[in-house]
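Have a look at the structure below before the remarks.
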Amino acid sequence: MWQLLVVLLVLWLGEMNQVNALPSHLQPLSYNLTISTHLNGGPNQNRYVGLVSIRLLVVEETRQVILNYRDISISVEHTMLIRISSGLRIGIAFTKSLEASDEYLIEFKNRLWKDEEYTLHMVFSGNMAKPQRNGYYASFYKDDNSSIGQKMYSIAQFEREYARTAFPCFDEPQFRSKYTLYLAHHSDYLALSNMPAAESWKHPALDGYLWTRFEESPPLATHMFTWALHQLDILAQTKTDDGTMLTIWGRPQFKPQLINEVIEHTKLLLPKSESLFGVPLPLGNTTERKIDHIVLPQHPKILYKRGLLVYRENMLRKGTGQKWNLSEMVAEYFVRQWNGILVSASSWAEAWIFDGLTAYLSIQLANQLMPLSGYNQTRLLDLNLWVKQEDSMAHAVALKGLPTNKQQESLRVSKLCLLFNMINSVIGLKVMETGLKAFWLKYANKTATGMQLWTELQDAARRAHLLPRGIDLNHVMDSWLNQQGYPLLVVNRNYEDNTVTITQQRYTAVTLPGNPCWWIPITYMTQSDRTPHQEWLSCDDAAPQLSAITLKNISRPDEWVLINVNGSNLQRTLYDLKNWAKLNQILSTATEQIPPINRAHLVDDALNLAWQGMLPYSVAMGILGYLSNETNHYVWQVAIHNLEKLHTIMQTTTGYRIFRTYLRTIVEVHFCTILKQLEKNAGKLEKKFLRTKENSSLLPSPDIQMYTFIPIIYRLACHFQLAACVKDAAERFNAAVLDPSKEIPDGLRETVYCMAVRYGMELEWLLLRDKYNVTETISERRILLRAMACSVDHWALEKLLQWSFDRGKVSKMLTIDLLSAVAHNSVGFILVKKYLYNHIDDIKRMYDNDGILEILQSFVNVISTWEDLEDFKDFVQENLPRISNYSITNFFEAATAKVDWRQYRYYDLLKAIREFTIAYLG
């Protein structure tokens with residue numbers, strides 16, 4: 001094989017591709033990459049050999065070439081450098097492997113002259129049999145049609161910094177080069193890459209092998225480059241209106257129920273993306289455009305590459321929330337073609353800014369499939385709730401800080417997504433789109449920094465006169481990126497001189513040193529003027545403790561004032577008690593005067609400020625009490641998030657009856673309404689979208705608000721043991737058992753199953769077990785596991801715990817869901833504790849530190865007593881000494897907050913709700 005590649009080296013002496021080089025010395029212009037892969041058995045199984053020819057421009061005179069490599073073998077005797085202008089070979093003085101920095105150094109005998117171009121040729125080999133799904137790796141899936149019961153495939157996944165594990169290259173994001181790829185592979189396999197295949201021919205030296213050459217790509221960074229070999233069939237193939245070929249590859253026996261949705265979403269979102277981004281994607285050395293979907297039975301994460309999308313089969317199976325997930329996946333694919341591929345981050349230190357923008361734009365683009373559904377607001381509200389919870393920890397890390405685990409990476413991207421929403425609220429969607437288009441046009445096929453992005457958005461806002469001259473967007477964003485947490489705005493009204501003073505501090509449960517401050521756009525409205533107005537709360541670097549703003553004569557003393565209109569800022573707001581009372585009154589008497597998203601944030605702020613002891617529970621319960629008149633799903637989305645956190649603690653206390661009775665009074669009236677709605681629209685609850693004859697757009701049903709509101713009310717009513725709900729759930733379950741055609745509505749299924757198991761007999765649990773064993777969709781399996789965990793029988797919960805680490809029963813991605821569901825069961829808490837303690841050694845062998853913390857989190861989230869907390873701390877310190885201090889500190893901080901609440905604020909809550917429930921106590 002080495003001899004063959006040496007021949008290729010000569011044949012392709014003038015052809016080359018790209019890689020990465022040191023900024024001060026070399027710039028890779030193009031790569032010409034040849035890979036010969038062995039997947040069909042024999043001594044070379046799961047191995048490959050390759051030749052890379054890199055065309056280099058010398059930026060600064062040097063004798064060295066330093067490029068990246070790791071876990072591959074380089075043939076020194078077949079490494080050569082050719083000066084293009086003369087065709088002469090430059091002699092090598094020595095080579096050196098710098099393993100600590102993943103670098104390979106080549107020292108030459110002669111100098112490489114500035115502004116000259118050279119071609120570096122290197123022969124290498126590697127192993128694809130690796131447990132990690134990164135670099136160039138081989139894997140397999142079960143297939144009964146295969147003679148050996150399985151089929152192999154290989155994929156190149158290079159993000160982040162894994163191209164170096166496949167071939168020697170300049171593996172840094174600031175280097176963008178063109179690629180020409182040649183793949184040698186067995187004829188049983190089909191080859192795919194970023195670009196369309198240009199030609200294929202029989203291999204002259206290897207029987208049964210083919211060569212496939214792909215068209216030259218436009219400039220890409222190494223982590224954007226990919227290829228794959230597979231044995232899948234075409235499940236669907238079609239062309240979009242602009243001629244883009246869409247092909248979905250999968251196992252022939254796989255019947256994807258949502259394949260038409262993928263096709264339709266692609267056809268709808270491609271032109272919308274081109275209109276949104278306003279910059280055509282470069283085609284490279286081809287006139288064709290294509291998108292290949294590789295659908296595998298199992299795959300750890302979705303791969304978004306130019307022209308190629310890889311994901312698991314479950315994405316195309318029907319299940320709870322699957323259509324929404326699919327919409328956002330297709331939307332994210334298109335967003336990444338512009339934001340991340342057309343223009344990419346200049347370094348990994350900047351990449352998360354692009355990831356945050358991608359997350360925000362994906363939500364907005366997916367929303368265009370269902371423009372009246374409020375999907376974007378629902379998703380942003382979900383992120384807002386999660387980020388506020390995690391980022392309120394005392395040991396939270398600044399966005400520019402180095403993430404130490406996957407959760408922190410996810411938090412960073414989610415928080416930045418919310419900050420882009422804040423920018424949108426300040427300058428408006430049209431101006432933001434204008435700034436983004438200018439950014440993508442200016443830096444097309446190049447790399448860019450976060451500062452350059454902020455500058456383009458600021459320039460667009462300046463031209464539209466939407467950003468005051470004293471406001472520098474770079475400075476504003478630095479205040480959010482360089483410090484931990486988020487602000488609490490303290491709003492104090494002086495009712496005598498009619499002023500409103502707003503100050504800021506970091507929102508945390510404990511007092512911390514320092515005076516962090518943020519540049520914050522303050523949007524406000526009043527009872528008599530419901531047009532949003534905006535001012536800026538600045539941040540004086542010299543005296544951050546003095547950061548304050550005073551608004552004069554914005555409302556009469558008898559009127560309410562509302563801050564953060566439409567909830568676009570990442571903040572909490574603490575009003576003075578009089579203003580809370582005025583807001584409470586208007587919520588109870590004229591609810592619609594407050595925008596729905598602000599009603600949601602008022603409920604969230606009131607409950608969380610009371611949780612921290614910053615607001616009396618009497619005020620918070622007053623705000624919560626208006627929910628008996630509230631039907632907006634945004635508000636109930638927030639309410640269920642907070643109420644279930646309280647429920648986890650309250651269900652183990654003697655005050656649970658008071659708590660439950662109070663919430664029944666709020667939910668009962670709504671439950672009666674939705675029960676009538678369910679009877680009226682029997683069998684139609686899943687039909688969230690209706691198609692019009694005039695166009696192929698997916699439009700939401702007029703009752704979409706009810707379809708999101710119903711599942712929340714139904715869940716709360718049943719979990720708070722409202723008799724009518726428990727009865728209705730039993731009837732629905734029994735009807736579905738007797739007649740499978742009577743499907744339980746999508747949003748109610750988990751609650752119905754749970755109630756059937758909790759109040760039923762052994763038979764109900766066994767029926768769900770049997771259903772679980774024949775169900776393939778991850779989302780449906782998750783529902784069934786959670787429902788089975790509602791059992792109050794020890795044998796049933798013990799059985800689930802035995803399944804939790806049995807990969808034949810429960811996939812790795814469902815283990816945490818299962819453990820969490822059992823732990824939240826008041827009967828299951830002690831069983832989970834015992835099981836984790838007894839099996840910690842097995843867990844450490846199966847999971848890395850991040851995985852172990854996620855598993856233990858399922859238990860620690862339910863701890864609410866000092867005894868359990870101290871016992872668990874001792875256990876972790878004894879058994880997990882190597883987990884980072886940050887992770888452990890943050891881990892225990894959340895548990896400590898629950899324990900503190902139970903000790904110091906539990907009775908405040910009971911006192912506040914007693915007056916609402918005393919009439920219902922027997």
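Kindly check whether there is at least one residue in region 481-498 that is under 27 Å from T434 (Cβ atoms), modelled with pLDDT under 95 and buried (at least 17 other Cβ atoms within 10 Å of the Cβ). Explain how you work it out, then say what you get.
So in region 481-498, the residues under 27 Å from T434 (Cβ atoms) come out as 481.
After this cut, where a residue has to be modelled with pLDDT under 95 as well, the list is 481.
Checking the rest, the ones that are also buried (at least 17 other Cβ atoms within 10 Å of the Cβ) come to 481.
Scanning region 481-498, I find at least one residue that is under 27 Å from T434 (Cβ atoms), modelled with pLDDT under 95 and buried (at least 17 other Cβ atoms within 10 Å of the Cβ), so the answer is yes.
Of these, I888, I852, which one is at pLDDT below 85, aliphatic (A, V, I, L, M), open to solvent by less than 10 Å² (accessible area, probe 1.4 Å) and part of a helix (DSSP H, G or I)? Spell out how you get there, then give the answer.
On the way: I888 fails: open to solvent by less than 10 Å² (accessible area, probe 1.4 Å).
On inspection, the qualifying residue turns out to be I852.
Confirm whether N642 is touching a helix residue (DSSP H, G or I) at 6+ places or on another chain (Cβ under 7 Å), open to solvent by less than 10 Å² (accessible area, probe 1.4 Å), of a type outside the set (A, V, I, L, M) and over 22 Å from R914 (Cβ atoms). Don't jump to the end; show me each part of the working.
Working: touching a helix residue (DSSP H, G or I) at 6+ places or on another chain (Cβ under 7 Å): yes; open to solvent by less than 10 Å² (accessible area, probe 1.4 Å): yes; of a type outside the set (A, V, I, L, M): yes; over 22 Å from R914 (Cβ atoms): no.
No, not satisfied.
Find the residue count for region 609-639, including only residues that are among the aliphatic types (A, V, I, L, M) and surrounded by fewer than 18 Cβ atoms within 10 Å (Cβ to Cβ).
To start, the set of residues in region 609-639 that are among the aliphatic types (A, V, I, L, M) comprises 609-610, 614-615, 619-621, 623-624, 627, 635, 638-639.
With the extra rule that they be surrounded by fewer than 18 Cβ atoms within 10 Å (Cβ to Cβ), the set shrinks to 614.
Adding up the residues that qualify gives 1.
Output the number of the condition that K442 fails; it satisfies all remaining conditions of (1) under 24 Å from the mean Cα position of the chain (by Cα); (2) within 22 Å of P173 (Cα to Cα).
Result: K442 passes all but (1).
Go through region 357-370 and report how many residues are within 13 Å of L269 (Cα to Cα) and either under 13 Å from the mean Cα position of the chain (by Cα) or open to solvent by 10 Å² or more (accessible area, probe 1.4 Å) (or both). Give the derivation first.
Start the filter on region 357-370 by keeping residues that are within 13 Å of L269 (Cα to Cα), which leaves 361-370.
Now restrict to residues that are either under 13 Å from the mean Cα position of the chain (by Cα) or open to solvent by 10 Å² or more (accessible area, probe 1.4 Å) (or both): 361-364, 367-368.
The number of residues fulfilling the criteria is 6.
Right, S864: of a type outside the set (K, R), surrounded by fewer than 15 Cβ atoms within 10 Å (Cβ to Cβ) and closer than 14 Å to I649 by Cβ or not?
Working: of a type outside the set (K, R): yes; surrounded by fewer than 15 Cβ atoms within 10 Å (Cβ to Cβ): no; closer than 14 Å to I649 by Cβ: yes.
Against the criterion (of a type outside the set (K, R), surrounded by fewer than 15 Cβ atoms within 10 Å (Cβ to Cβ) and closer than 14 Å to I649 by Cβ), S864 does not qualify.
Can you give me the number of residues within region 61-70 that are under 23 Å from L220 (Cα atoms) and in a loop (DSSP other than H, G, I, E, B)?
Within region 61-70, residues that are under 23 Å from L220 (Cα atoms) and in a loop (DSSP other than H, G, I, E, B) number 2.
Please work out which residue is farthest from A166 (Cα to Cα), limiting yourself to region 97-129 and to residues that are in a loop (DSSP other than H, G, I, E, B) and not charged (D, E, K, R).
As a first pass, look at region 97-129 and keep what is in a loop (DSSP other than H, G, I, E, B): 102, 113-116, 128-129.
Subsequent filtering for residues that are not charged (D, E, K, R) retains 113, 128-129.
Details: W113: 29, M128: 9, A129: 12 Å.
Looking at the filtered set, the residue picked out is W113.
Check T449, T501, T508 and return the single one that is over 25 Å from L357 (Cβ atoms), surrounded by fewer than 18 Cβ atoms within 10 Å (Cβ to Cβ) and β-branched (V, I, T).
Values: T449 fails: over 25 Å from L357 (Cβ atoms); T508 fails: surrounded by fewer than 18 Cβ atoms within 10 Å (Cβ to Cβ).
From the options T449, T501, T508, the qualifying one is T501.
In region 712-769, how many residues are closer than 26 Å to H794 by Cβ, without any contact (Cβ under 8 Å) to a residue 12 or more places away in the chain and not in a helix (DSSP H, G or I)?
Summing the residues that are closer than 26 Å to H794 by Cβ, without any contact (Cβ under 8 Å) to a residue 12 or more places away in the chain and not in a helix (DSSP H, G or I) in region 712-769 gives 1.
Kindly indicate whether E668 is outside any loop (DSSP other than H, G, I, E, B), open to solvent by 10 Å² or more (accessible area, probe 1.4 Å) and modelled with pLDDT under 90. Explain how you work it out, then say what you get.
Values: outside any loop (DSSP other than H, G, I, E, B): yes; open to solvent by 10 Å² or more (accessible area, probe 1.4 Å): yes; modelled with pLDDT under 90: no.
Spelling it out, it is not the case that E668 is outside any loop (DSSP other than H, G, I, E, B), open to solvent by 10 Å² or more (accessible area, probe 1.4 Å) and modelled with pLDDT under 90.
Taking into account only those residues within region 459-472 that are buried (at least 21 other Cβ atoms within 10 Å of the Cβ) and at pLDDT 95 or above, which is nearest to R556 (Cα to Cα)?
Quick first cut of region 459-472, residues buried (at least 21 other Cβ atoms within 10 Å of the Cβ) only: 460-461, 467.
Next, from what is left, pick out any that are at pLDDT 95 or above: 460-461.
Values: A460: 36, A461: 33 Å.
Filtering first and then ranking leaves A461.
If I ask for residues that are of a type in the set (A, V, I, L, M), at pLDDT 95 or above and out of contact with any Ser or Thr (no Cβ under 7 Å at 6 or more places or on another chain), which ones from region 413-425 would you list? Walk me through how you get there before you give the answer.
Step one: list which residues in region 413-425 are of a type in the set (A, V, I, L, M), which gives 413, 416, 418-419, 422-423.
With the extra rule that they be at pLDDT 95 or above, the set shrinks to 416, 418-419, 422-423.
L416, L418, L419, I423, listed by residue number.
Residues in region 545-552: is at least one under 30 Å from E592 (Cα atoms), touching a residue at least 60 places away in the same chain (Cβ under 8 Å), open to solvent by less than 30 Å² (accessible area, probe 1.4 Å) and within 37 Å of the chain's Cα centre (by Cα)? It would help to see each step written out before you state the result.
Residues of region 545-552 under 30 Å from E592 (Cα atoms): 549-552.
Imposing the further condition that a residue be touching a residue at least 60 places away in the same chain (Cβ under 8 Å) reduces the set to none.
No.
Here's the yes/no breakdown for (1) at pLDDT below 95; (2) of a type in the set (S, T, N, Q):
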{"position": "N20", "(1), (2)": "yes, yes"}
{"position": "P23", "(1), (2)": "yes, no"}
{"position": "S36", "(1), (2)": "no, yes"}
{"position": "G42", "(1), (2)": "yes, no"}
{"position": "L88", "(1), (2)": "yes, no"}
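I'm checking my understanding of the structure. Among residues of region 687-731 that are under 23 Å from V262 (Cα atoms) and surrounded by fewer than 14 Cβ atoms within 10 Å (Cβ to Cβ), which one is modelled with the highest pLDDT?
Once the filter is applied, the top-ranked residue is K687.
Please pick out the residue among G208, G243, G250 that is at positive phi, out of contact with any Ser or Thr (no Cβ under 6 Å at 6 or more places or on another chain) and of a type outside the set (D, E). First the steps, then the outcome.
Working: G208 fails: out of contact with any Ser or Thr (no Cβ under 6 Å at 6 or more places or on another chain); G250 fails: at positive phi.
From the options G208, G243, G250, the qualifying one is G243.
Under the condition of being at pLDDT 95 or above and either of a type in the set (S, T, Y) or outside any strand (DSSP E or B) (or both), which residue from region 46-58 is nearest to F158 (Cα to Cα)?
Looking at the filtered set, the residue picked out is Y48.
Taking region 374-397 on its own, how many of its residues are open to solvent by 20 Å² or more (accessible area, probe 1.4 Å) and hydrophobic (A, V, I, L, M, F, W, C)? Spell out how you get there, then give the answer.
Within region 374-397, the first condition is being open to solvent by 20 Å² or more (accessible area, probe 1.4 Å), and the residues that meet it are 376-379, 382-383, 386, 389-390, 393, 395, 397.
Narrowing further to those that are hydrophobic (A, V, I, L, M, F, W, C): 383, 386, 393, 397.
Summing the residues that are open to solvent by 20 Å² or more (accessible area, probe 1.4 Å) and hydrophobic (A, V, I, L, M, F, W, C) in region 374-397 gives 4.
Please report, ordered by residue number, the strands (runs of 3 or more DSSP E) entirely within region 299-367 with at least 2 residues that are out of contact with any helix residue (DSSP H, G or I) (no Cβ under 9 Å at 6 or more places or on another chain). Don't jump to the end; show me each part of the working.
On the way: elements: 303-305, 308-312, 343-345.
Once the strands (runs of 3 or more DSSP E) in region 299-367 are filtered for at least 2 residues that are out of contact with any helix residue (DSSP H, G or I) (no Cβ under 9 Å at 6 or more places or on another chain), what remains is 308-312.
Is it true that A581 is of a type in the set (A, V, I, L, M, F, W, C), part of a helix (DSSP H, G or I), buried (at least 18 other Cβ atoms within 10 Å of the Cβ) and at pLDDT 95 or above?
Numbers: of a type in the set (A, V, I, L, M, F, W, C): yes; part of a helix (DSSP H, G or I): yes; buried (at least 18 other Cβ atoms within 10 Å of the Cβ): no; at pLDDT 95 or above: yes.
Answer is no for this residue.
Per-residue answers, yes or no, for (1) of a type in the set (K, R); (2) at pLDDT below 95; (3) farther than 26 Å from K833 by Cα; (4) within 29 Å of the chain's Cα centre (by Cα):
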{"residue": "G747", "(1), (2), (3), (4)": "no, yes, yes, yes"}
{"residue": "C754", "(1), (2), (3), (4)": "no, no, no, yes"}
{"residue": "R769", "(1), (2), (3), (4)": "yes, no, no, no"}
{"residue": "L785", "(1), (2), (3), (4)": "no, no, no, yes"}
{"residue": "K799", "(1), (2), (3), (4)": "yes, no, no, no"}
{"residue": "S804", "(1), (2), (3), (4)": "no, yes, no, yes"}
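Cβ-Cβ distance below 9 Å, separation of 6 or more or different chains: which pairs start in region 813-835 with a residue that is closer than 28 Å to H299 by Cα and end on one that is acidic (D, E)?
Pairs found: T815/E854; I816/E854.
Can you go through L615, L646, L609, L627 and tell me which one is in a loop (DSSP other than H, G, I, E, B) and not polar (S, T, N, Q)?
Working: L646 fails: in a loop (DSSP other than H, G, I, E, B); L609 fails: in a loop (DSSP other than H, G, I, E, B); L627 fails: in a loop (DSSP other than H, G, I, E, B).
None of the other options fit; the residue is L615.
Inside region 807-830, can you point out the residues that are out of contact with any helix residue (DSSP H, G or I) (no Cβ under 8 Å at 6 or more places or on another chain) and either surrounded by 19 or more Cβ atoms within 10 Å (Cβ to Cβ) or at pLDDT 90 or above (or both)?
Scanning region 807-830 gives a single hit, I830.
Which of (1) touching a strand residue (DSSP E or B) at 6+ places or on another chain (Cβ under 9 Å); (2) at pLDDT below 85; (3) of a type in the set (S, T, N, Q) does S347 not meet, given it meets every other one?
The one condition S347 does not meet is (2).
Being among the polar types (S, T, N, Q), out of contact with any Asp or Glu (no Cβ under 8 Å at 6 or more places or on another chain) and open to solvent by less than 60 Å² (accessible area, probe 1.4 Å), is that true of even one residue in region 106-116? Walk me through it before giving the result.
Step one: filter region 106-116 for residues among the polar types (S, T, N, Q), giving 110.
This time we only want the ones that are out of contact with any Asp or Glu (no Cβ under 8 Å at 6 or more places or on another chain), so: 110.
If we keep only those that are open to solvent by less than 60 Å² (accessible area, probe 1.4 Å) as well, we get none.
Within region 106-116 (the criterion being among the polar types (S, T, N, Q), out of contact with any Asp or Glu (no Cβ under 8 Å at 6 or more places or on another chain) and open to solvent by less than 60 Å² (accessible area, probe 1.4 Å)), the answer is no, since none of the residues qualifies.
The values are calculated or read from the model by the stated rules, or taken from the named source; none is laboratory data. Quick caveat: nothing in here was measured; it's all calculated off a predicted structure. Glycine gets a Cβ as well: all are built from the backbone with ideal geometry, and neighbour counts include every protein chain shown. Please note that ligands, DNA and RNA were not included when accessible areas were found on the heavy atoms of the full protein model with its side chains. Shrake-Rupley method; radii C 1.70, N 1.55, O 1.52, S 1.80 Å.
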